[in-house]
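The values are calculated or read from the model by the stated rules, or taken from the named source; none is laboratory data. The shown structure was predicted, so the numbers you read here are calculated from the model rather than taken from an experiment. With ideal geometry, Cβ positions are generated from the backbone for all residues, glycine too; neighbour counts draw on all protein chains shown. Areas reflect the complete protein model, heavy atoms only, side chains present, ligands, DNA and RNA absent. Shrake-Rupley method; radii C 1.70, N 1.55, O 1.52, S 1.80 Å.
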Amino acid sequence: MKFTKTAVALSAAALVLMSACTTPTVTGTPAAGASDTPGSAAGDLKITILPKNLGNPYFDTSTKGMEAAAKEIGATTEQVGPAEAAADAQVQYIETATQQKVSAIALSANDQTALCDSVKAAQAAGVKVVTFDSDAPTCRDLFINQATSEGIAKVLVEMAVDQSGGSGEIAILSATANATNQNAWIDAMKADLKANHPDIKLVEVAYGDDQDQKSFDETASLLQKHPKLKVIVAPTTVGIAAAARYVSTSDAKGKVMVTGLGTPNDMRAFVKDGTVKEFALWNPEDLGYLTVFAIKALADGTITGAEGDKFTAGKLGAYTVGADQTVLLGDPYKFNADNIDNFNF
């Protein structure tokens with residue numbers, strides 16, 4: 001597999017700390033002679049970036065990729081969003097972007113259905129809505145998927161099996177209960193465990209709501225309720241870092257392993273002190289980069305979102321739209337003590 005599509009980039013993300021009440025400032029209308037679709041020419045593209053929440057290193061990094069791609073094609077971006085990951089909090093930003101007649105919204109959805117009314121209103125106004133990271137499958141133009149749910153679940157299960165020794169109790173520390181991507185991965189994990197690993201028992205799925213302190217507290221609760229626990233799997237960058245921080249200073253260190261999806265810089269210390277043996281992630285910077293090129297291809301008519309449509313995404317090369325209007329970035333990449341110092345992210 002191509003390293004640029006699967007491994008994490010070698011650049012650090014700058015934290016973008018914005019208030020939950022930030023109002024997007026992207027304004028403008030298509031240039032004279034442009035089509036009726038806002039921003040049909042690359043230079044006219046005005047993109048509102050709406051992650052699940054601000055102040056999250058994962059989304060700071062995906063935004064960095066979007067900004068890099070936008071610079072290459074001459075588009076304008078503005079990141080907005082709530083402080084906490086909640087679907088209702090994202091609605092106001094979608095509505096504001098629609099009123100400002102931006103060309104497109106790059107959205108990581110906090111709920112797969114709750115945003116659809118506002119998304120459909122945006123689409124009716126000519127705004128392209130492209131989801132990334134977490135989908136709203138019934139009401140967007142395209143979904144940029146970091147990896148298939150089955151592919152992500154397979155890697156998570158592989159690590160849990162390896163670190164549990166193939167048997168015993170494991171738990172999952174997820175983000176929010178309504179997170180589309182998290183729930184799809186968890187469902188696929190459950191199916192894989194049931195079919196292929198009957199000696200492993202999933203005892204609980206806990207929710208830290210992508211909040212550091214709540215994830216930290218949920219980790220403590222899991223360890224208290226399940227004294228035979230062997231592995232905590234946190235398929236969220238906030239959750240895995242919080243879980244590792246708790247376990248690293250508890251009596252569970254060396255007895256309960258922490259794994260899941262995280263960033264190298266957040267997890268490096270925990271890998272080196274033995275709290276974490278291995279974890280995985282795709283490249284969120286490339287995910288953001290690909291999202292902007294997909295938006296460009298939609299806006300200029302290169303693609304419609306139909307299965308089989310092809311477009312080029314700058315340094316990442318050629319991509320093809322798959323089933324259900326989905327573009328796949330690539331497979332997750334595993335980090336461990338042997339390779340983590342090769343990455344600065």
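Which ³J(HN,Hα) values, rounded to whole Hz and listed in residue order, are derived for segment 277-292 from phi using the Karplus coefficients 6.51, -1.76 and 1.60 in 6.51 cos²θ - 1.76 cosθ + 1.60 with θ = phi - 60°, glycine and proline given as x?
7, 7, 8, 9, 5, 8, 9, x, 5, 5, 4, x, 4, 4, 4, 5
Just list whichever of Lys255/Lys334; Lys201/Lys277; Lys64/Lys296; Lys154/Lys310; Lys128/Lys310 have alpha carbons separated by over 23 Å in the model shown.
Lys154/Lys310
Rounded if a/c is under 1.5, else prolate if a/b beats b/c, else oblate: with a ≥ b ≥ c from the C-alpha gyration tensor eigenvalues square-rooted, which is the chain?
Note, shape of the chain comes out prolate.
Restricting to Cα pairs below 8 Å that are 6+ residues apart, what does the relative contact order work out to for the chain? Please round to a whole percent. Working shown, then result.
Numbers: 813 pairs, mean separation 71.0, N = 345.
This gives 21 percent for the chain.
Per residue, how much accessible area does the chain show when a 1.4 Å probe rolls over the protein heavy atoms, in square angstrom? Mind dumping the intermediate values first?
On the way: 13350 Å² over 345 residues.
I get 39 Å² per residue for this part.
Using heavy-atom solvent-accessible surface (probe 1.4 Å) with all chains present, what is the largest-first order of Glu67, Glu150, Glu169?
In descending accessible area the options line up as Glu150, Glu67, Glu169.
Could you list the GluC sites (Glu not before Pro) in segment 240-345 that lie in coil according to DSSP, counting only those with at most 14 other Cβ atoms within 10 Å of their Cβ?
Here the sparse-neighbourhood loop sites are Glu307.
Can you compute the helix-only [θ] at 222 nm over the chain? Use -39500 (n - 2.57) per DSSP H run of at least 4 residues, normalise by all residues, nearest 500 deg cm²/dmol.
It comes out at -11500 deg cm²/dmol, rounded to the nearest 500.
Kindly list the residues of segment 63-93 that lie in the label zone of Asp117, defined by a backbone N under 12 Å from the point 7 Å along the Cα-to-C-beta vector.
88, 91-92
Trypsin sites (Lys or Arg not before Pro) within segment 212-265: which are DSSP loop residues with at most 10 other Cβ atoms inside 10 Å?
The qualifying sites are Lys228.
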